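Peer 1: Dumping the structure here so I can ask a few things about it.
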Amino acid sequence: MSDPAPTPTTSDSNRSEAGFFRDLAETIREAMYVTEVPSMRISYVNPAFVRVFGVTLEQMNAEPEHWRRLVHPDDVSEVAKFQAQLEQGLPHQPYRIRVASGNWRWVQLRQFPRRDQSGALVRMVGLIEDINESHEREAYSRQLDSTLRRIIEVLPVGILAYRRDKPIFANSVTGAQLGVPVDELLNIPIHEIIETFFRADERKQGIARLRKAQAGRDLPPIERHLRSRTGTESVVEMQTITVELEGAPAQVTVVRDLTEQRRMEAQVAQADRMAALGRIAAGVAHELNNPLSYVLGNLEVAREELPNLLEECRALHREIAPDPALAARVVALSQRLIELTSVVRDASEGADRVRAIMRDLKSFSRSDADERREPVDVNRPLDAAVRMAWREIQPRARLVQDRQPVPVVLGVEGRLCQVFLNLLVNAAEALPEGGSHAHEVRIHTTTGPNGDAVVEISDTGPGIGADDLPHLFEPFFTTKDVGHGTGLGLSICHDIVRAHGGTIEVESTVGEGARFRVTLPAATVDPPARVPGPVSTRRGKVLIVDDEPHVAGTLRQMLVRDHDVTILTTAREALSRIACGERFDVIFCDLLMPQMSGMDFHAAVMPVARDQSDRIVFMTGGAYTPVIREFLGQVPNRHLEKPFSLRDVRDAVAELLQ
């Protein structure tokens with residue numbers, strides 16, 4: 001192996017330098033070589049060179065271009081360029097070289113020029129450092145940095161990094177949240193961002209939090225209200241931590257948009273309130289049914305009896321006609337009865353309206369478990385929806401109805417009422433109050449080409465934008481202002497109609513109103529027609545069991561003219577009398593009573609007098625618990641829902657007397 005030292009001389013200093021150089025070269029881990037200039041012959045390679053590359057000095061000199069075999073083909077051109085800059089002694093760019101094992105490793109080459117006394121370049125000392133591990137770490141770090149940046153860009157949160165008061169990084173979400181391009185955002189001081197985009201009452205606290213963050217404190221999440229440059233308002237959650245970026249402390253603020261979440265929470269809360277209101281309404285309807293029963297029942301009895309009294313007065317007038325004074329008093333009494341008949345008729349009509357409202361409310365608020373599919377005349381739930389929506393429609397529009405014949409559908413009347421009510425209220429709310437002379441809400445029913453029932457509800461309001469139309473039936477989507485809609489109404493309508501095998505569609509042009517079309521398949525059976533009830537031909541014995549005295553008294557007034565009526569206020573007393581052998585043709589029994597319910601009474605009567613259990617007619621105010629629903633579905637007994645009519649009661653009696 002050639003001596004790497006300069007050409008030997010008689011100088012002791014030169015020999016000493018050469019020895020030191022050799023000792024150093026023989027012990028270092030880095031591969032070293034010496035190239036003579038200008039011949040470019042390699043005069044020395046150290047043991048590390050031979051060990052790393054598996055090539056001896058003789059092999060290197062035997063083939064001057066042998067180095068090309070060692071360098072990765074992709075890096076040869078770059079290495080050749082570097083060789084042309086030998087005199088500058090610059091560090092070579094990292095390149096790959098084949099080692100003795102046959103693997104490619106990254107190395108860093110630095111060449112040191114040696115000159116003679118005249119300054120001419122006479123040789124180059126090359127030092128090859130294995131940087132494979134550090135290069136791979138750097139490459140991995142660069143790849144990781146690139147990957148993290150890509151992840152940060154696709155995260156659904158804003159990320160803003162800053163040092164002192166200057167932004168140093170912002171992802172695209174942050175720019176979108178503020179309505180500012182990222183390049184521009186990076187030139188806006190942090191305090192100016194707070195003063196520009198924070199809500200006015202939150203800016204002072206925002207600046208205070210900035211100061212704490214700049215002092216290196218991590219800040220817990222806090223809600224803030226932003227207003228972007230485009231005017232969009234949003235609710236966000238901001239959290240700031242201190243990290244080390246590029247060797248120095250910096251703050252990173254994560255901004256999560258809560259606007260949609262808060263809107264959905266508000267809508268769910270509103271939906272919960274509406275559900276609670278529905279339950280309350282159902283409870284109120286149940287509580288009102290008892291007093292409404294005896295109000296309506298007594299009015300019906302009065303309406304039935306007043307004509308009879310008037311006819312008796314007329315007969316009395318004929319008998320006492322010779323006595324003018326007495327006849328005049330009878331005439332005055334007759335006139336009073338005529339006026340009273342009119343008053344009772346008006347009161348009955350008002351009470352009937354209340355009964356219709358209670359029936360609609362009960363049907364509307366009935367739970368899914370109460371529902372059974374049955375043939376329904378679409379006009380019935382549509383009429384109920386009109387009555388309930390009238391107060392919304394009246395101050396805003398004329399109601400125009402074009403009702404053409406429609407087939408019967410198989411469905412749940414209460415749920416169909418819910419659909420029509422929602423569409424009617426939406427139509428009314430799309431119109432300004434006080435515009436009844438200029439706007440209309442139109443109802444059109446017809447039979448579709450396939451024999452379906454079609455109900456169209458339209459308005460002359462502002463219409464619905466083309467961008468909103470595809471989303472109208474999505475849950476929580478609403479075009480109304482916050483607090484004025486849950487975003488659930490049309491979604492629920494869509495689900496109800498679809499569950500009935502139908503479709504709901506919308507047509508709208510901005511400025512020309514909207515039209516919703518509900519199409520329901522026709523039922524294969526007709527709704528049960530109400531046939532005249534059986535006529536009682538004999539006087540019966542009737543027992544009334546109800547803990548509400550007024551309801552029991554009203555039932556007695558309905559029946560006492562034609563039947564013998566007994567009233568008891570507890571089921572236990574009724575059971576005792578039956579157990580003692582007393583028998584009744586008809587037993588009216590309230591389902592919900594203290595101590596012993598109507599269900600318990602029925603179960604207790606069966607082993608004592610089976611024939612009497614079959615003669616029980618149950619009465620209910622409409623508060624159906626799961627137990628009551630199951631019970632009524634199992635027993636064959638007839639049941640009446642309060643408030644019942646005079647005809648319902650007499651039909652039930654006549655049926656059992658036959």
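The values are calculated or read from the model by the stated rules, or taken from the named source; none is laboratory data. No experiment lies behind these values; they were computed from the predicted model shown. Neighbour counts are summed over all protein chains in view; Cβ atoms, including those assigned to glycine, are modelled from backbone coordinates with ideal geometry. Heavy atoms of the whole protein, side chains included, go into the accessibility calculation; ligands, DNA and RNA do not. Shrake-Rupley method; radii C 1.70, N 1.55, O 1.52, S 1.80 Å.
Peer 1: Checking the condition touching a strand residue (DSSP E or B) at 6+ places or on another chain (Cβ under 8 Å) and not polar (S, T, N, Q), which residue from LEU640, LEU646 passes?
Peer 2: None of the other options fit; the residue is LEU640.
Peer 1: Looking at segment 93-150, what strands (runs of 3 or more DSSP E) fall wholly within it and have at least 2 residues that are under 14 Å from GLU30 (Cα atoms), aliphatic (A, V, I, L, M) and open to solvent by less than 40 Å² (accessible area, probe 1.4 Å)?
Peer 2: The qualifying strands (runs of 3 or more DSSP E) are 104-115, 121-130.
Peer 1: Tell me, which residue of segment 203-241 that is open to solvent by 40 Å² or more (accessible area, probe 1.4 Å) and of a type in the set (A, V, I, L, M, F, W, C) is farthest from the chain's Cα centre (by Cα)?
Peer 2: For segment 203-241, the residue satisfying everything is ALA215.
Peer 1: To continue, here is another question. Restricting to segment 493-546, and then to whatever is at pLDDT 90 or above and in contact with a Lys or Arg (Cβ under 6 Å, 6 or more places away or on another chain), can you tell me which residue is nearest to GLN418 (Cα to Cα)?
Peer 2: So, considering only residues that are at pLDDT 90 or above and in contact with a Lys or Arg (Cβ under 6 Å, 6 or more places away or on another chain), the one nearest to GLN418 (Cα to Cα) is GLU505.
For every residue, the table says whether it meets (1) modelled with pLDDT under 80; (2) of a type in the set (A, V, I, L, M, F, W, C); (3) closer than 30 Å to ILE151 by Cα; (4) open to solvent by 40 Å² or more (accessible area, probe 1.4 Å).
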residue: VAL254; (1), (2), (3), (4): no, yes, yes, yes
residue: ASP257; (1), (2), (3), (4): no, no, yes, yes
residue: ASP272; (1), (2), (3), (4): yes, no, no, yes
residue: ARG279; (1), (2), (3), (4): yes, no, no, yes
residue: ALA282; (1), (2), (3), (4): yes, yes, no, no
residue: VAL295; (1), (2), (3), (4): no, yes, no, yes
residue: ASN308; (1), (2), (3), (4): no, no, no, yes
residue: ALA315; (1), (2), (3), (4): no, yes, no, no
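Peer 1: Filter segment 640-658 down to the residues that are under 13 Å from LEU591 (Cβ atoms) and surrounded by fewer than 18 Cβ atoms within 10 Å (Cβ to Cβ) and list them by number.
Peer 2: GLU641 - this is the single residue of segment 640-658 that is under 13 Å from LEU591 (Cβ atoms) and surrounded by fewer than 18 Cβ atoms within 10 Å (Cβ to Cβ).
Peer 1: Something else about it: Please pick out the residue among VAL34, VAL45, VAL50 that is of a type in the set (A, V, I, L, M), at pLDDT 85 or above and open to solvent by 40 Å² or more (accessible area, probe 1.4 Å).
Peer 2: Result: VAL50 is the single residue among VAL34, VAL45, VAL50 that is of a type in the set (A, V, I, L, M), at pLDDT 85 or above and open to solvent by 40 Å² or more (accessible area, probe 1.4 Å).
Peer 1: Mind checking which residues of segment 17-36 are in a helix (DSSP H, G or I) and among the aliphatic types (A, V, I, L, M)?
Peer 2: Across segment 17-36, the qualifying residues are ALA18, LEU24, ALA25.
Peer 1: I need the full set of residues from segment 367-414 which are among the basic types (Lys, Arg) and in contact with an Asp or Glu (Cβ under 7 Å, 6 or more places away or on another chain), in order please.
Peer 2: ARG380, ARG387, ARG396, ARG398
Peer 1: I need the full set of residues from segment 639-658 which are within 17 Å of GLY297 (Cα to Cα) and among the small types (Gly, Ala, Ser), in order please.
Peer 2: SER645, ALA652
Peer 1: Separate question: Tell me, yes or no, whether segment 153-168 has at least one residue that is of a type in the set (Lys, Arg) and in a loop (DSSP other than H, G, I, E, B).
Peer 2: yes
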